[in-house]
Amino acid sequence: MLNTRLIIGTALCATALAGCGGSSSNSASPAPFSFVEATVASVHEAIASGEKTCEDIIQGYLDRIEAYDFDISGPELRSVVRTNPDALNQAIEKDLNFAVTGIDSPLYCIPVLPKDNINTAEMPTSGGITAFEFNQPTEDAYVIERLRDAGAIIIGKANQDELAFGFRGESSIRGLTKNAYDHSRGAGGSSSGSGTSIGASLAIFALGSDTGGSIRVPSSVAGLVGIRPSMRLVSQDGVMPLSSWQDTAGPMCRTVQDCALAMDALVGFDTSPYANQRSAFAIDAPLISSAGEYQSVTRIPASYTAFLEPDGLKGARIGVVRALFGNGNGQNAIVQTVLDDAIAKMRAAGAVVEDVVVPDLSTILSRYSSLSNQEFARDMEIYLQSWTSDMDGHLRTYQAMQDSGGYLDRNANTIASRNNIGEDLSQNESYIRNTVERPGFVRPRLMAALDNIDATGRPAGPAYDVLLYPTLQGLAGSLGGSPSAGSANRMSPFSGFPALSMPAGMAGEEYDIDPALPVGMELLAREFDEATLIRIAYAFQETVKPRATPVHYPDLVADAGGELP
């Protein structure tokens, strides 16, 4: 473990694939491996060449967590709740077998930080509240199993806004997570630790969960690519719920290519009754019964990496939803300017970018609401009773959680007001409106915009591949506050369609902002068309290079004695 005295060196780009340039190097030999902005590809290159072992990789990221997240003499980002005590042993085991196996899986030795509401067999899952601090599920969440099968090593758990309630990014377990670019600003939420930890290069990628923006908001303020998958695509088994009708886990990465690899691992049919993989986007639809049915419903490709096309903007059709851009006042003017510049660069790269109207958008955003008020208590109690072991002594009922007081005072009223255990939700007017009526209203109208259908029901031109709008209407908020989110984050959960947030560019000195902050844009595609999101996002990433590396977290280097200080 690192001493609190740090000696840090200049951050180096490992390779073009490490996310520092994106173009091929002309050097005869690769640059030394850097933990800063490293990617799956650069980790594998370092291991394959013999420059690093798997143990070196995992130890290096554990050292970075200690230095930048835990050490009170450093930035103390508070983005990581705990580290995995078995992570190094898992790395050593891979090294012992390396001569025989080589790099035998797509995420071999890749360190991942899941949000602390995703079950891990060797670490507690707290959801951010002290009432659950020692909750130890007996099995991994399905998505964690999938990551391990792909070769990843879970090196810890990421902080979050407790119980995934909001965008402040604060938990009673670890406190407020700081912004990776500016420590006086907030990290968004609820997957705040997932965002900051990856923004600061404390792992290769993270998992978040998203009910109404909780992957996309922190990805936006951390300059990341964050994917909210289509509903039903990714199993919810072992993911602490906020609203099962809207929840989904998804990846948060520094590069599109790493998110494509993560998606390959995360998708798949799960036999668990908690998977919530239904045969249709309907509250009463039966669970999918087989891998064959899952494939016929979701149409997932053999690999999302097949869509990493550098010229993927050429001929792409992008519909811009101006009604979601904001009023142009204050920071929103900066957001609009950065997005307009991104749009101009898309056009220059060969994309057709046109303004579109989503029919009845104001009704979509005003009539419908999140289901967390109705579903949270019921879903939480089901989750708490989903593992039966008494060894951890965890609370089993919602009322016991509420009575414990083991959460932030500011959340007491929310927890109490959502305690509707015993209510028949089929008789709840708001629940019916948002489960039965909402899909039939929202989905056809988003499809009309994507299909470029005019008010008369006739095609107004060729269909669009994606819709585009700002992820947030402002920049990262002050530490302890929430960013100006707007209402665009509702489009994906209200429809079940997938959305991807990524950097559109940076807002810096030209706007009197120092240090510069990322501005995020969101792309929304048709159901189960994550491939198109990846194709367009990757082409934009490679063409524009919109992500800037935060300056506060260079590589740690050895002191004169040859040991990390």
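Can Ala302 be described as among the hydrophobic types (A, V, I, L, M, F, W, C), out of contact with any Gly (no Cβ under 7 Å at 6 or more places or on another chain) and farther than 30 Å from Ser272 by Cα? For Ala302, the condition - among the hydrophobic types (A, V, I, L, M, F, W, C), out of contact with any Gly (no Cβ under 7 Å at 6 or more places or on another chain) and farther than 30 Å from Ser272 by Cα - is not met.
Could you check the stretch 273-300 and list, in sequence order, the residues that are in a helix (DSSP H, G or I) and without any contact (Cβ under 8 Å) to a residue 12 or more places away in the chain?
If the condition is that a residue be in a helix (DSSP H, G or I) and without any contact (Cβ under 8 Å) to a residue 12 or more places away in the chain, then Gly292, Ser296 are the ones that fit.
Every test in (1) touching a residue at least 40 places away in the same chain (Cβ under 8 Å); (2) out of contact with any Leu (no Cβ under 9 Å at 6 or more places or on another chain); (3) part of a loop (DSSP other than H, G, I, E, B); (4) not aromatic (Phe, Trp, Tyr) is passed by Gly315 save one, and that test is (1).
Scanning the stretch 55-95 for residues that are in contact with a Cys (Cβ under 6 Å, 6 or more places away or on another chain) and either in contact (Cβ under 8 Å) with a residue 60 or more places away in the chain or among the acidic types (Asp, Glu) (or both) yields a count of 2. Between Met231, Met252, the distinction of being out of contact with any His (no Cβ under 7 Å at 6 or more places or on another chain), surrounded by 24 or more Cβ atoms within 10 Å (Cβ to Cβ), in contact (Cβ under 8 Å) with a residue 24 or more places away in the chain and assigned to a loop (DSSP other than H, G, I, E, B) belongs to Met231 only. Every condition in (1) surrounded by 22 or more Cβ atoms within 10 Å (Cβ to Cβ); (2) out of contact with any Asp or Glu (no Cβ under 6 Å at 6 or more places or on another chain); (3) under 21 Å from Arg148 (Cα atoms) holds for Asp247 except the one numbered (3). Only one of these is in contact (Cβ under 8 Å) with a residue 12 or more places away in the chain, crowded, with 23+ Cβ neighbours inside 10 Å, within 19 Å of Glu37 (Cβ to Cβ) and out of contact with any Asp or Glu (no Cβ under 6 Å at 6 or more places or on another chain): Ala537, Ala476. Name it. Of the residues listed, the single one that is in contact (Cβ under 8 Å) with a residue 12 or more places away in the chain, crowded, with 23+ Cβ neighbours inside 10 Å, within 19 Å of Glu37 (Cβ to Cβ) and out of contact with any Asp or Glu (no Cβ under 6 Å at 6 or more places or on another chain) is Ala537.
Answer yes or no: is there a residue in the stretch 321-328 that is more than 23 Å from Pro462 (Cβ to Cβ) and out of contact with any helix residue (DSSP H, G or I) (no Cβ under 8 Å at 6 or more places or on another chain). Yes, the stretch 321-328 contains a residue that is more than 23 Å from Pro462 (Cβ to Cβ) and out of contact with any helix residue (DSSP H, G or I) (no Cβ under 8 Å at 6 or more places or on another chain).
Only residues that are aliphatic (A, V, I, L, M), closer than 25 Å to Thr125 by Cα and over 23 Å from the mean Cα position of the chain (by Cα) were counted across the stretch 47-91, and they come to 4.
Within the stretch 358-374, the set of residues being among the polar types (S, T, N, Q) and more than 14 Å from Arg322 (Cβ to Cβ) comprises Thr363, Ser366, Ser369, Ser370, Ser372, Asn373, Gln374. Only a single item in (1) within 19 Å of Ser171 (Cβ to Cβ); (2) not in a loop (DSSP other than H, G, I, E, B) is not met by Ala400, and it is number (1). The set of residues in the stretch 140-179 that are surrounded by 24 or more Cβ atoms within 10 Å (Cβ to Cβ) and either acidic (Asp, Glu) or modelled with pLDDT under 95 (or both) comprises Asp161, Glu162, Glu170. When Ile110, Ile103, Ile118 are checked against the criterion of being touching a residue at least 12 places away in the same chain (Cβ under 8 Å) and either within 12 Å of Ala158 (Cβ to Cβ) or among the basic types (Lys, Arg) (or both), a single residue qualifies: Ile118.
Taking the criterion of being modelled with pLDDT under 95, surrounded by fewer than 19 Cβ atoms within 10 Å (Cβ to Cβ) and touching a Gly at 6+ places or on another chain (Cβ under 6 Å), would at least one residue in the stretch 550-557 satisfy it? Looking for residues that are modelled with pLDDT under 95, surrounded by fewer than 19 Cβ atoms within 10 Å (Cβ to Cβ) and touching a Gly at 6+ places or on another chain (Cβ under 6 Å), one finds at least one in the stretch 550-557, hence yes. Of all residues in the stretch 66-93, those satisfying the criterion of being more than 25 Å from Asp161 (Cα to Cα) and among the acidic types (Asp, Glu) are Asp86, Glu93. Candidates in the stretch 407-423 are the residues that are under 26 Å from the mean Cα position of the chain (by Cα) and not hydroxyl-bearing (Ser, Thr, Tyr); of these, the one that is nearest to Ser370 (Cα to Cα) is Arg418.
The values are calculated or read from the model by the stated rules, or taken from the named source; none is laboratory data. Fair warning: this is a prediction, and the values are worked out from it, not measured in the lab. Ideal geometry is used to build each Cβ from the backbone, glycine not excepted, and the neighbour counts take in all protein chains shown.
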